[in-house]
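The values are calculated or read from the model by the stated rules, or taken from the named source; none is laboratory data. These figures come from a predicted structure and were not determined experimentally. Neighbour counts run over all protein chains shown; Cβ positions are idealised from the backbone, glycine included.
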Amino acid sequence: MAICKLCNKEKQLIKQSHIFPDFLYKYLDREENNSMYQFNSKNKPNKIETGVFEKYILCSTCDNELLGKLEGYAYNNFFSKILESNEQITHLSLDYKKIKLFFLSLLWRASLSNKSLFDNVKLNQEQEEFLRKLIYEDTTISDNEFTIVAYKCDLKNKGYEDIIFISPIIENKCTIYLSKININIWLGSQSLPETIDVLKLKESGEMVIISTSSPLIEKERESILKLLIS
Ligand SMILES: [Zn+2]
């Protein structure tokens, strides 16, 4: 028995809690859930450990029921809809609370993780507790707090579509890479440019996702792969 990080109750904790939901790996059709392969210049596959689970941090109720519900919602209403869309601009009508908590739960889980991969994804104690309470109590915050914007990446290098990762927190912002989707989260309450306001996940549940083929997104992913291989 130990203390579950989400409900703070003394419970039997489960052996494996995923930092990133299982469905992402299933979608990518990986043979092994916790690794990916990238071919190097000599065409030899490098196995990349993505460290996707953490041992003994959550009880089964929190992991399977609480987080599981958010994951199921995100898969059916966000992830699959964006990936199935061929439009340059996708308009989604979402359950604001559920999808917001889903994204924030990814950030929160990465922050809790002891894996070196997430060393630079550390919220301060206050932020960690703030998100824990939000997720556990199933409550919500305004769309100006922990503002979220998503982009769909039109990548030339298809290998980059395999990335599931969260960037270090830099200047109170981080990016979650879920296959072809980039999710930007601005920590706390920040005043952001108007373009962000148009694209952000709104309290009404409305979210506009544009498709981008900027060379910058390829560069960014190239550097992530280097990080994952090293
Ligand atoms: Zn729990």
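With respect to being buried (at least 20 other Cβ atoms within 10 Å of the Cβ), of a type in the set (A, V, I, L, M), modelled with pLDDT of 90 or more and under 23 Å from Leu66 (Cα atoms), Leu201 fits the description. At least 3 residues being at pLDDT 85 or above is the threshold, and among the helices (runs of 4 or more DSSP H) wholly inside the range 11-116 those reaching it are 68-74, 80-84, 96-112. As a summary of the residue check, Glu203 satisfies the conditions (1) under 25 Å from Glu128 (Cβ atoms); (2) within 18 Å of the chain's Cα centre (by Cα); (3) among the acidic types (Asp, Glu) except for the one numbered (2).
Among residues of the range 58-71 that are among the small types (Gly, Ala, Ser), those with a beta-carbon under 8 Å from a residue that is more than 8 Å from the ligand (Cβ to nearest atom) at least six positions away or on a different chain give the pairs Ser60/Gln12; Ser60/Ile14. Scanning the range 201-224 for residues that are farther than 12 Å from Tyr151 by Cβ and of a type outside the set (Val, Ile, Thr) yields a count of 12.
Selection within the range 163-198: residues that are within 15 Å of Phe146 (Cα to Cα) and of a type in the set (D, E, K, R). The member of this set that is modelled with the highest pLDDT is Lys173.
Taking every residue in the range 136-159 that is in contact (Cβ under 8 Å) with a residue 24 or more places away in the chain and under 16 Å from Leu216 (Cβ atoms) and pairing it with any residue that is in a loop (DSSP other than H, G, I, E, B) and among the small types (Gly, Ala, Ser), at least 6 positions away or on another chain, the pairs with Cβ-Cβ distances below 6 Å are Asp154/Ser213. Closer than 30 Å to Thr90 by Cα, of a type outside the set (Ser, Thr, Tyr) and assigned to a loop (DSSP other than H, G, I, E, B): is that true of Lys156 in this structure? Considered against the rule, which asks whether it is closer than 30 Å to Thr90 by Cα, of a type outside the set (Ser, Thr, Tyr) and assigned to a loop (DSSP other than H, G, I, E, B), Lys156 comes out as yes. Take the residues of the range 50-108 that are over 24 Å from Asn172 (Cα atoms) and among the β-branched types (Val, Ile, Thr): which is farthest from the ligand (Cβ to nearest atom)? Among them, the one singled out is Ile89.
Close Cβ contacts (under 7 Å, 6 or more residues apart or on different chains) running from residues in the range 93-106 that are in contact (Cβ under 8 Å) with a residue 24 or more places away in the chain and within 11 Å of Met207 (Cβ to Cβ) to residues that are of a type in the set (Gly, Ala, Ser) and in a helix (DSSP H, G or I) comprise Ile99/Ala74. Each residue in the range 1-22 was checked for being away from the ligand (no atom under 12 Å from the Cβ) and surrounded by 18 or more Cβ atoms within 10 Å (Cβ to Cβ), and 4 of them qualify. Looking only at the range 80-102, residues that are in contact with a helix residue (DSSP H, G or I) (Cβ under 8 Å, 6 or more places away or on another chain) and surrounded by 21 or more Cβ atoms within 10 Å (Cβ to Cβ) come to 3 in all. Taken together, the residues in the range 125-166 that are polar (S, T, N, Q) and buried (at least 20 other Cβ atoms within 10 Å of the Cβ) amount to 1. Residues of the range 214-228 that are closer than 16 Å to Gly159 by Cβ and either under 19 Å from the mean Cα position of the chain (by Cα) or polar (S, T, N, Q) (or both): Ile217, Glu218, Glu220, Arg221, Glu222, Ser223, Ile224, Leu225, Leu227, Leu228.
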